[in-house]
Amino acid sequence: MDFERLYQEIDKHVQAHPRDIRFVGGVSDEWIERAEAALGLHFSPSFRHYLREYGGGSIGGEVVNGLLGVEFEEACGPDIVYNTLLDRAQSGLDKSLIVLVDNDGDEAFYLDAGHVEPGVESPVIRVLIEDPTARQQYAKSFADFLLKRVEFFLRGKSAGTVRA
């Protein structure tokens, strides 16, 4: 499924669950290019779409980092540049990874933007906090990752394991 169709599915869930699935609004291509330069990486097409259309947000309280349109030196919280540079400095995060979700739980998710060709999709890597060296591919693209997180939340909500 191409990323446009994945985002159509995500949009349906956002419209059906506006209290639980929230996004702050997108940023300009200029902000995206500045973030790429600050991190020394190229963003995949589906991740650029997310930043342009959604900006950043949360799914059932799980923060998905993005760009806030705030100078990177002043940003904090759910900003990809802030969080990625912080993790690089504090824990030696691989320079090809971008921090997507770090919920201080059992797992964290990173976009593996180590490709060198613009326009190529990047996989999302899941890292278990108990063993940070054990990495597994969670999704083929950022759009696939976002839809999986939305569906994971909605399954938990319908099963009553998360609060609405």
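What is the extension gain from Arg19 to Phe152, computed as 0.36 nm multiplied by their sequence separation minus the C-alpha to C-alpha distance, in nm to one decimal?
Full extension from Arg19 to Phe152 adds 46.3 nm.
Would you work out if segment 38-85 is rounded, prolate or oblate? Take a ≥ b ≥ c from the square roots of the eigenvalues of the alpha-carbon gyration tensor; rounded if a/c is under 1.5, else prolate when a/b is larger than b/c, oblate otherwise.
Oblate shape, in that a/c is at least 1.5 and b/c is the bigger or equal ratio.
Could you derive backbone 3J(HN,Hα) for segment 88-102 from the dihedral phi with the Karplus parameters 6.51, -1.76 and 1.60 (θ = phi - 60°), listing whole Hz in sequence and x where the residue is Gly or Pro?
Once θ is set to phi - 60°, the couplings for segment 88-102 become 4, 6, 7, 10, x, 3, 3, 5, 8, 9, 10, 6, 9, 9, 9 Hz.
When the accessible area of the chain is split by element with a 1.4 Å probe, what percent falls to carbon and sulfur?
So the carbon and sulfur contribution to the accessible surface is 49 percent.
Which of rounded, prolate or oblate describes segment 1-55 when judged by the alpha-carbon gyration tensor and an a/c cut-off of 1.5?
Oblate shape, in that a/c is at least 1.5 and b/c is the bigger or equal ratio.
What's the FRET efficiency of Ala134 with Ser58 using the Cβ-Cβ distance as r and R₀ = 30 Å, to the nearest 0.05?
The calculated FRET efficiency here is 0.70.
Using a cut-off of 13 Å between beta-carbons, work out the net charge of the residues near Asn65 (Lys and Arg +1, Asp and Glu -1, Asn65 not included).
The answer is -3.
So what is the 222 nm mean residue ellipticity for the chain from helices alone, if each DSSP H run of at least 4 adds -39500 (n - 2.57) and you divide by all residues, rounding to the nearest 500 deg cm²/dmol?
Mean residue ellipticity at 222 nm (helix-derived): -12500 deg cm²/dmol.
Each residue of segment 121-132 in order: what ³J(HN,Hα) in whole Hz does its phi give by Karplus 6.51 cos²θ - 1.76 cosθ + 1.60, θ = phi - 60°, with x for Gly and Pro?
The phi angles translate into 5, 10, x, 9, 9, 9, 10, 7, 4, 5, 9, x Hz.
Rank Gly61, Gly105, Gly40 by mean-square fluctuation in a GNM of the chain with C-alpha springs under 10 angstrom and give only the top-ranked residue.
Top of the fluctuation ranking is Gly105.
Just by accessible area at a 1.4 angstrom probe, what is the order of Glu107, Glu9 from largest to smallest?
So the residues, ranked largest to smallest area, are Glu9, Glu107.
On the full set of protein chains, 1.4 Å probe, figure out the accessible area of Arg155 and give it in Å² to the nearest 10.
Solvent-accessible area, nearest 10 Å²: 140 Å².
Can you compute 3J(HN,Hα) from phi for each residue in segment 71-78, using the Karplus curve 6.51 cos²θ - 1.76 cosθ + 1.60 with θ = phi - 60°, rounded to whole Hz and x for Gly and Pro?
3, 4, 5, 9, 6, 7, x, x
Quick one: accessible surface of Leu39, probe radius 1.4 Å, all protein chains present, in square angstrom to the nearest 10.
Only protein atoms counted, so the area is about 10 Å².
Rounded to the nearest 20 Debye, what is the dipole magnitude of segment 16-139 about its Cα centre when Lys and Arg each give +1 and Asp and Glu each give -1 at the C-beta?
Roughly 220 debye for segment 16-139.
Of all DSSP beta bridges in segment 1-138, what percent run antiparallel (nearest 5)?
So the antiparallel bridges amount to about 95 percent of the total.
In whole Å, what are the extents of the chain along the principal axes defined by its C-alpha atoms, from largest to smallest?
40, 36, 32 Å, listed from the longest principal axis down.
Once you keep just the Cα pairs under 8 angstrom separated by 6 or more residues, what percentage relative contact order results for segment 35-93?
Relative contact order here is 24 percent.
Can you tell which of Asp29, Asp11, Asp106 shows the greatest fluctuation in a Gaussian network model of the chain with Cα springs below 10 Å?
Judging by the Gaussian network model, the answer is Asp106.
How large is the accessible surface per residue of segment 25-140, computed with a 1.4 Å probe and reported in Å² as a whole number?
48 Å²
Which Cα, out of Gln15, Pro132, Tyr50, lies furthest along the positive dipole direction of the chain (beta carbon charges, K/R +1, D/E -1)?
With unit charges placed on the Cβ atoms, the residue in question is Gln15.
The values are calculated or read from the model by the stated rules, or taken from the named source; none is laboratory data. Predicted, not measured: the structure shown is a model, and the values here were computed from it. We place every Cβ from the backbone using ideal geometry, glycine too, and count neighbours over all the protein chains shown. What goes into the accessible areas is simple: the full protein's heavy atoms, side chains included, and nothing from ligands, DNA or RNA. Shrake-Rupley method; radii C 1.70, N 1.55, O 1.52, S 1.80 Å.
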